[in-house]
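Following: one structure in structure tokens, then a few remarks.
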Amino acid sequence: MDYSIIVFDTAPTGHTLRLLQFPSTLEKGLAKMMTLKNRFGGLLSQATRLFGLGDGFSEDAMLGKLEGMKDVIEQVNKQFKDPDLTTFVCVCIPEFLSLYETERLVQELAKFGIDAHNIIINQVLFDDEAVESKLLKARIRMQQKYITQFYMLYDDFHIIKLPLLPEEVCGVEALKNFSEDFTRPYQPSLTRGSIEELEQRVSLLRSQLKEAESELQRAKKGKEKA
């Protein structure tokens, strides 16, 4: 069909590599079958007549189907290896296993002759965001270590960092808004140390203080009743 771009959202690395190997594997298998046909073609014709399988299973018909399939597979292989037609975008998260899988994938793609020069690092916690949670601060330090390694390993790649969001990206409008971060670097809504960030922190602390005072009053009343 007539599309300007076709996107395959592939499975995890192991499944994807088997998928990419499939055209070459099938091409080799068909070549082997063609060789066997040349050696045992007469026997195959006798077998089809013996079992009354008809013209659809005749030697010439099966040979024609195999040749047609081989042509399609060769075309797919050629398109896979043409950087003007096909490129692979690696999507990962800033953790050790994901870094390892990405490196494995990039190496295998190079063996297959498939272009790959884009990496998307998803679910990033940005260091300049207003984060108070000790857990999130620890996650930021961990992520930064692996993000640095990504830039060291793939200094000639185009790397995009996308933020960890508080909600799912569902619906057309949400996808449009999220896609803007592909074309321009993500900027946190609040930067640490800015007036807006400090005002938000003060407001949050006041809210937490009120909640703590309410809990204290309830605890005192409960103690008095007891």
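The values are calculated or read from the model by the stated rules, or taken from the named source; none is laboratory data. Here the structure is a predicted model, which is why all the values come from computation and not from measurement. Quick reminder, even Gly has a Cβ in these numbers, built from the backbone with ideal geometry, and neighbours come from all protein chains shown. Accessible surface areas use protein heavy atoms only, side chains included; no ligands, DNA or RNA. Shrake-Rupley method; radii C 1.70, N 1.55, O 1.52, S 1.80 Å.
Observations on the model:
- Just one of the numbered conditions (1) at pLDDT 90 or above; (2) closer than 18 Å to residue 162 by Cβ is not true of residue 128: (1).
- Of residues in segment 83-100 being open to solvent by 60 Å² or more (accessible area, probe 1.4 Å) and part of a strand (DSSP E or B), the one farthest from residue 141 (Cα to Cα): 89
- Some residue of segment 104-115 being at pLDDT below 70, open to solvent by less than 50 Å² (accessible area, probe 1.4 Å) and assigned to a loop (DSSP other than H, G, I, E, B): no
- Residues (at pLDDT 90 or above and of a type in the set (Lys, Arg)) located in segment 134-175: 139, 141, 145, 161
- Qualifying residue in segment 132-142 (condition: under 20 Å from the mean Cα position of the chain (by Cα) and closer than 18 Å to residue 187 by Cβ): no
- Residue within segment 146-163 that is farther than 27 Å from residue 179 by Cβ, touching a residue at least 12 places away in the same chain (Cβ under 8 Å) and either open to solvent by 40 Å² or more (accessible area, probe 1.4 Å) or among the aromatic types (Phe, Trp, Tyr) (or both) present: no
- Segment 1-28, subset surrounded by 15 or more Cβ atoms within 10 Å (Cβ to Cβ) and more than 14 Å from the chain's Cα centre (by Cα), residue nearest to residue 86 (Cα to Cα): 20
- Residue check for residue 41: surrounded by 11 or more Cβ atoms within 10 Å (Cβ to Cβ), modelled with pLDDT of 60 or more and part of a helix (DSSP H, G or I): no
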